[in-house]
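Engineer: One structure, as structure tokens, below. Some questions next.
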């Protein structure tokens, strides 16, 4: 599975227009082969910061997504609404098994109340 995180910093007066474009992208992308999830999230402290989290079955599915007409249309219209360049990170998961932070004896585990991510 591949997870892609993209951050958009929108111009203040453009948020409503961009959110309309993004809602359309959610609808179209969720129909694509290999799309496991596709959702935008608005910042709490900065409502003009939008984060896109998307999950794809594999790299081929993600590359197919990049070649769609709706992706090309979205990118061609997005630029005029951005305050800063888009920042994107991709993460690859070899499997869906949970990661265990500690496999050693209990005496070496973190102190009570500490969470390991």
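The values are calculated or read from the model by the stated rules, or taken from the named source; none is laboratory data. Computed from a predicted model, the values in this text were never measured in an experiment. Virtual Cβ from ideal backbone geometry, glycine too; neighbours counted across all protein chains shown.
Engineer: Kindly provide the set of residues from region 44-66 that are assigned to a loop (DSSP other than H, G, I, E, B) and closer than 21 Å to residue 91 by Cα, ordered by number.
Structural biologist: 57, 58
Engineer: From the list 28, 19, pick out the single residue that is assigned to a helix (DSSP H, G or I) and modelled with pLDDT under 95.
Structural biologist: 19
Engineer: Give 36, 28, 52 a once-over and let me know the one that is surrounded by 12 or more Cβ atoms within 10 Å (Cβ to Cβ), over 17 Å from residue 15 (Cβ atoms) and touching a strand residue (DSSP E or B) at 6+ places or on another chain (Cβ under 6 Å).
Structural biologist: Sole residue among the options that is surrounded by 12 or more Cβ atoms within 10 Å (Cβ to Cβ), over 17 Å from residue 15 (Cβ atoms) and touching a strand residue (DSSP E or B) at 6+ places or on another chain (Cβ under 6 Å): 36.
Engineer: Can you tell me which residue in region 78-102 is modelled with the lowest pLDDT, limited to those that are in a loop (DSSP other than H, G, I, E, B) and touching a strand residue (DSSP E or B) at 6+ places or on another chain (Cβ under 8 Å)?
Structural biologist: Only one residue fits best here, namely 93.
Engineer: What single numbered condition from (1) over 12 Å from the mean Cα position of the chain (by Cα); (2) exposed (fewer than 13 other Cβ atoms within 10 Å of the Cβ) fails to hold for residue 41?
Structural biologist: The number of the failed condition is (1).
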